[in-house]
Every structure is written in structure tokens, then in C-alpha cells.
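Reading through the C-alpha cells given below for one structure.
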Amino acid sequence: MGLELINFVIVSVALLGIGIYGLSVKRNAIRMLFAIEIIINAANLNLVAFGRFIPHSGGQTLALFSISIAAAEVAVGLSLIIVAYRMYQNIDIADFRSLKG
Amino acid sequence: MADAAFLALSVITIGSAIAALELRSLVYGAIGLMGTLGGVAGFFLLLDSPFVALFQIAVYVGSIAVLILFTVMLVKRELIFKKIEDPKRKWAGIGLMLIFMVAIGAVILDSGLKSVTTDEPPVDFREIGDDFLTYYWPALILMALILAGSVTGALVLARREDEISGPRTD
């Protein structure tokens, strides 16, 4: 097997960069949730890759915890988006102004 | 063989991550996000962790992506196809992404990670079960409570208060 750790880490850096681009440019709330998902997946990929090359089972265990918590986060985030959409009839986060001082 | 699979998977993952953020329609964006999550599951398979790969497919591709699709369907039709972004911020964001990738990539390439390979056998997934039930059992219980609490919270948040109970008349 010609697998090397550096390849996986570089893919993870690319995914993290794309996620940061999405979070900083997009104003659509659902798209920002996509960007957060991409960043979480980059982190999981790093965990499993380092856990494979050490090798130790802790990487996979932490990745499983991270996936479960991400599922909870998406459920709460989507319901927050639905509530905000019901209040403002829009999903542009620049319109969610009632919390702004 | 493994290199070809790795190249194909990285093209699929990164390409569909860009597609998820850049396609005009949110529905196609959600499908692109599914591609990214499936590609990461493929990476997990390449890393000899089939249990995490199947968990990823079941949780992410199976439930989260479908949840996002249903949320997209609840939104008005015009909003699904409208692109909401500033053109000025777009170039700033692309610059930020490139600077970030070059900086972190240079740090990683310069570190000693380049020569790390392994010949050792992969971790057996039975060890993960051992970890969960011995050393990490408080975290496992806490995770179950957090999941239950967040699902309840999501249901309470998304409930409509103006709807009268009883059969719908419209």
C-alpha cells in the first residue's frame, strides 16, 4: 500500500479552506450550514488519518463522537433556520437584525 | 491501485464541496454536499476504518443530507434559486482561502509529516467497542443525553404556536 499521511492531511486542508471561504462569503443561512459541515468533515478526516498511522483506536473513537455531535448540531441549526425563516420570511442572515444592538 | 482510488476520491470530494457552495440551486447544493460526505466516507474506507465509514454514510448521507433537503423544501421557491452574496466579499473570501491554504500547506509540507508511512496492521473495530464501553463510557452516556436533548430542543423550536389543534380546514 502506497498510502501516506501527507495526502490525507492536504485534502483535509483543502476542505477546511473551502469551508472558510463559504463561511466568509455566503449570506444564505443554509449554505453557511453546508460550510460548517464541510469543516467538521475535514476535522474527522484528520482524526481518522492520524489514528490510522499511529496506529491507535482513539482516533476512530473520537471521530464517532464527533459525527454524533455534528448530527445534533445540524438538527438544532436547521430548526433555528426554520424559526428565523418564519419570523423574517427570508434566509439572508443580513436580515436577521432583531438581535443586533 | 490505491493511488488511483485516492485521486478519484479527492477529485470527487473537493469538486462536490465547491459545487455545494457555488451551485445556484440549494437542492443541487445539498446533493453536492452528499457527494462530499460520501467522498469522506470513501477516505475512511481507504484508511482501513470500515466501521467509521459506514457510520458516516448512515448518519451523514442518510439522515443529515435528507434533513437538509426537507428544510430546503420548506423555503420559498424564489429563495432557493437566489444567490445571496456580495461580489466584493467574494474576491476577499477567495483570497483568504488561497492565503490560508498556502500558509497551512507550507507549514505541513515543511514539517516531518511527509515521510510518515505505516506497515502496521490497522486497528480492529472491536477495540473501538472496547473503548466505548470501558474508558469512554461517561462520554457515551453524555452523548446520548445531548442527542436526546438536542432533538427535543429542535422539535420544540420548530413547533408552530399559531396553529390551532384539530383537523385542518384549508
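May I ask you to verify whether B:L9 is within 26 Å of B:L98 (Cβ to Cβ), of a type outside the set (D, E) and at the interface with chain A (Cβ under 7 Å from one of its Cβ atoms)?
no
Take A:R52 and tell me if it is touching a strand residue (DSSP E or B) at 6+ places or on another chain (Cβ under 8 Å) and at the interface with another protein chain (Cβ under 7 Å from one of its Cβ atoms).
No; evaluated as a whole, the condition is false for this residue.
Can you list the helices (runs of 4 or more DSSP H) lying wholly within segment B:76-170 that have 1 or more residues being within 26 Å of A:V13 (Cα to Cα)?
In segment B:76-170, B:87-110 are the helices (runs of 4 or more DSSP H) which contain 1 or more residues that are within 26 Å of A:V13 (Cα to Cα).
Go through the residues of segment B:42-61 one by one and say whether even a single one is in a helix (DSSP H, G or I), under 20 Å from A:K26 (Cβ atoms) and free of Cβ contacts under 8 Å to residues at least 12 places away in the same chain.
No, segment B:42-61 contains no residue that is in a helix (DSSP H, G or I), under 20 Å from A:K26 (Cβ atoms) and free of Cβ contacts under 8 Å to residues at least 12 places away in the same chain.
Taking B:I68 and the conditions (1) within 25 Å of the chain's Cα centre (by Cα); (2) over 23 Å from B:L47 (Cβ atoms); (3) not assigned by TED's automatic domain parsing to the domain that holds B:G38, which numbered condition does it fall short on, given that it satisfies the others?
Of everything listed in (1) within 25 Å of the chain's Cα centre (by Cα); (2) over 23 Å from B:L47 (Cβ atoms); (3) not assigned by TED's automatic domain parsing to the domain that holds B:G38, B:I68 misses just condition (3).
Condition first: facing another protein chain (nearest Cβ under 7 Å) and either assigned to a helix (DSSP H, G or I) or under 16 Å from the mean Cα position of the chain (by Cα) (or both). Now tell me which residues in segment A:70-92 satisfy that.
Within segment A:70-92, A:A71, A:A72, A:V74, A:A75, A:V76, A:L78, A:S79, A:L80, A:I81, A:I82, A:V83, A:Y85 meet the criteria.
The values are calculated or read from the model by the stated rules, or taken from the named source; none is laboratory data. This structure is a prediction, so every number in the text was calculated from the model and none was measured. When we count neighbours, we look across all protein chains shown, and the Cβ atoms used for this are built from the backbone with ideal geometry, even at glycine.
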